[in-house]
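Some notes on the structure that comes next.
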Amino acid sequence: MGQDGSTPDLTEVVQARVQSGAQERARVPLEALADMDMGKDRPDPIDLLTEQDRTRVQSLVPIRHQRMSATPFTFFRGGAAIMASDLSRTPSTRLRAQLCGDAHLSNFGVFNGADKHLVFDVNDFDETSPGPFEWDLKRLAASVTIAGRNNDLSTKKARAATKQATRGYREVLAATLSRSPLELRYYRIDVQSLLDQNEKLRKRSAKAVNKASRKDSMRALDKLTTVVDGKRRIISQPPLIVPLSDVVDADKIDTLDRHRLVEFFDRYRASLPPDRAAVVNRYHLVDMAHKVVGVGSVGTRCLIVLLESDEGSPLFLQFKEATRSVLEPYAGSSGYDLAGERVVRGQQLMQATGDILLGWSRTDPDASGRVIDFYFRQLWDGKGSAEVDQMGPKRLARYAWHCGAALALAHARTGDGAAIHGYLGDDGAADDVLADFAEHYADVNERDYAAHQEAIADGRISVASET
């Protein structure tokens, strides 16, 4: 996938779709994507965050706000609900795709594809849902500018990096237009091929890639477990990792709601294709623990489960609470009744290849009748992410380009890539428009961050140390 911006020869049908996208500019001019007039009745961003807190594990909510309070960039990472509300109040195209919903720089990374080769792609889908394509692109662009400011880059250099995100999106989108739907399904950013093409990138990334390639269930076993009385147990690291045996008498853990747990896990297995369910069926439960993850996700229910085969091989799975996407109140229903299925189906639609054990389940109703949706994935499967806060201008620009490229592939698989290409054009004007938007939104984010700091100071929001 080159960066020369060339447009391949197109069929008449594809050219017509490109033209239809260009005609969308009559309704929403390209320059309107920089519009930040959200009206005087913009919801209080702190209210949006505390509304999310209401259904979360209350003892963990202060950790969420502690993590968000570190920098404007960490605040932005946790503020997907704020930006979804803001985006709904700005001009939007009718060019829809399956969205990540939280497409900031730290939600891209490397992981093992189904063939165990490392790929680079979008890797967080908690908020995935259909919507206007530019909502994802705007969140990505804003994240680059905010990260650039966080890393003390000049306005000029931060803007240059931000433009690379949109440029990568446009150029790779253009390269997809001559590909068949089947070719597009296989079209992915293979990490080894990427490194082979760039010696400097290979040298700088060797350590991170090697670390990611070693992240598997055996590595997790070494890092997260110990042997107690002859049994393998997950190590307690409260409040971040709390084994169920710390909450319930260890002698009772094997019988704790055993019937309900088995039914819950059976529903997960039923969500898998038969060949993949057959793999999971060869493992049995050893231990479980609550685990705190992410920034914006802190407080949602997340557990890790250690399974073991008859041969003694470990398998770590993570099941994480899924709620309604922050996009759904504004972009419409995701089309799925179960939030866990929404996450899994969205991920499968957007990625060329991914975790073969993705699935979902729903708990039985509790005493109040409430049910909780979850999605399952492998805990460590070659996963690795870039340290965005350590990037200088050149690395940030290069990384932003590849994030834009990965996002373009995801949108082309699920939306009309030709029409989106026609709307954005190939002259670089969109790069400047999205950079303008990103600078405006970075200013908004800084004001919201200051309001968050003030809410902490006056006791409206509580924070807590993780140690």
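Among the numbered conditions (1) of a type in the set (A, V, I, L, M); (2) at pLDDT 95 or above; (3) under 17 Å from ASP124 (Cβ atoms), tell me where LEU338 comes up short.
(3)
What number goes with the only condition from (1) in a helix (DSSP H, G or I); (2) under 26 Å from ARG324 (Cβ atoms); (3) within 21 Å of the chain's Cα centre (by Cα); (4) not hydroxyl-bearing (Ser, Thr, Tyr) that ALA397 does not pass?
The one condition ALA397 does not meet is (2).
What are the residues in segment 160-191 that are under 24 Å from LYS383 (Cα atoms) and of a type in the set (A, V, I, L, M), if any? Before the answer, list the steps.
Looking only at segment 160-191, we keep the residues that are under 24 Å from LYS383 (Cα atoms), and these are 165, 168-169, 172, 184-191.
Hits for segment 160-191 are ALA165, VAL172, LEU184, ILE189, VAL191.
Please state which one of LEU201, LEU137 is at pLDDT 95 or above and among the aliphatic types (A, V, I, L, M). Reasoning before the result, please.
Numbers: LEU201 fails: at pLDDT 95 or above.
Being at pLDDT 95 or above and among the aliphatic types (A, V, I, L, M) holds for just one of LEU201, LEU137, which is LEU137.
If I filter segment 104-125 down to residues being touching a strand residue (DSSP E or B) at 6+ places or on another chain (Cβ under 7 Å) and assigned to a loop (DSSP other than H, G, I, E, B), which single residue comes out as modelled with the highest pLDDT?
Residues of segment 104-125 touching a strand residue (DSSP E or B) at 6+ places or on another chain (Cβ under 7 Å): 107-113, 117-123.
Next cut, assigned to a loop (DSSP other than H, G, I, E, B) only: 113, 117, 123.
Working: GLY113: 89, HIS117: 86, ASN123: 94.
This residue is ASN123.
Condition first: under 17 Å from LEU317 (Cβ atoms) and either assigned to a helix (DSSP H, G or I) or not polar (S, T, N, Q) (or both). Now tell me which residues in segment 349-374 satisfy that.
The initial filter retains those residues of segment 349-374 that are under 17 Å from LEU317 (Cβ atoms), namely 354-363, 372-374.
Within segment 349-374, GLY354, ASP355, ILE356, LEU357, LEU358, GLY359, TRP360, ARG362, ILE372, ASP373, PHE374 qualify.
Go over the candidates ALA147, ALA174, ALA165 one by one and state the one that is aliphatic (A, V, I, L, M) and either at pLDDT below 95 or farther than 30 Å from GLU12 by Cα (or both).
Details: ALA174 fails: either at pLDDT below 95 or farther than 30 Å from GLU12 by Cα (or both); ALA165 fails: either at pLDDT below 95 or farther than 30 Å from GLU12 by Cα (or both).
None of the others qualify; the one that does is ALA147.
Within segment 376-391, can one find any residue that is farther than 30 Å from ILE189 by Cα and either out of contact with any strand residue (DSSP E or B) (no Cβ under 8 Å at 6 or more places or on another chain) or buried (at least 22 other Cβ atoms within 10 Å of the Cβ) (or both)? Spell out how you get there, then give the answer.
Keep residues of segment 376-391 that are farther than 30 Å from ILE189 by Cα, which gives none.
So far as segment 376-391 goes, no, none of its residues is farther than 30 Å from ILE189 by Cα and either out of contact with any strand residue (DSSP E or B) (no Cβ under 8 Å at 6 or more places or on another chain) or buried (at least 22 other Cβ atoms within 10 Å of the Cβ) (or both).
The values are calculated or read from the model by the stated rules, or taken from the named source; none is laboratory data. Note that the structure is a prediction, hence the values are computed from the model and not measured. Counting neighbours? That spans all protein chains shown, and the Cβs are built from the backbone with ideal geometry, glycine included.
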